[in-house]
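Structure first, then comments.
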Amino acid sequence: MTGKVAPKWNVMGGLMYLDGKREKLAKGSEHLEGRYATGTPKWNAVLATEYEADQNNSAIFRMNYVGKSHVNDNGVMAPDYMTFDLGYKHKTKINSTPVTLTAMCYNVLGKDYWISRGTSVALGAPRTMMLSAQFDI
């Protein structure tokens, strides 16, 4: 979903439900039928708000939720987690070339969390700063 809720405010979001169960497996692995696919959470969600101060400046706040997921076929689960991101975008020109400068901070609270990667887990990304420039040629 996306929409303008006030003259300078946009809201964006999404919700996903995934019922990732195994079916019709190769001979010899029938014991896995009906079990959840590893590394796939049932629920994922994102909600973001963007404030457009003017036509050249905007700020964004985003919440990302990932539900708990199966790590292996023995019932080991990676817990759910939520992270928050902040960003700022500025549009300008450099020698008549339109440029958009963006600064983002992902996982702004520095939350420690585990992500499921198939049959293993990994530590999620720490607080991360990103700066970028987009040149519209």
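Its alpha carbons give the chain an Rg and a Dmax of 20.1, 66 Å. Using a Förster distance of 30 angstrom, determine the FRET efficiency expected from the C-beta separation of Met82 and Ile137, and round it to 0.05. Working from the Cβ atoms, E equals 0.20. Restricting the chymotrypsin sites (Phe, Trp or Tyr not before Pro) of region 105-137 to loop positions (DSSP other than H, G, I, E, B) with no more than 12 neighbouring Cβ atoms within 10 Å leaves nothing.
Spin-label model, Lys91/Thr119: points 7 Å from Cα along the beta carbon direction are separated by 5.0 nm. Between Cys105 and Lys8, the simple label model (points 7 Å from Cα in the Cβ direction) yields a spacing of 2.1 nm.
Taking Cα centre as origin and charging only the Cβ of basic (Lys, Arg, +1) and acidic (Asp, Glu, -1) residues, the dipole magnitude of region 2-135 rounds to 180 debye. Computed from the C-beta positions of Asp73 and Leu15 and an R0 of 22 Å, the FRET efficiency is 0.20 to the nearest 0.05.
Go through Lys68/Lys111; Lys8/Lys89; Lys8/Lys111; Lys8/Lys93; Lys91/Lys111; Lys8/Lys91 and tell me which ones have a Cα-Cα distance over 19 Å in this structure. All intermediate terms of the calculation are to be shown ahead of the outcome.
Numbers: Lys68/Lys111 16 Å; Lys8/Lys89 14 Å; Lys8/Lys111 30 Å; Lys8/Lys93 23 Å; Lys91/Lys111 31 Å; Lys8/Lys91 16 Å.
Result: Lys8/Lys111; Lys8/Lys93; Lys91/Lys111 exceed 19 Å.
No lab work stands behind these numbers, since they all come straight from the coordinates. Owing to the predicted nature of the structure, the values given are computational and were not obtained by experimental measurement. In this analysis, Cβ positions are derived from the backbone assuming ideal geometry, glycine residues included, and neighbour counts consider all displayed protein chains.
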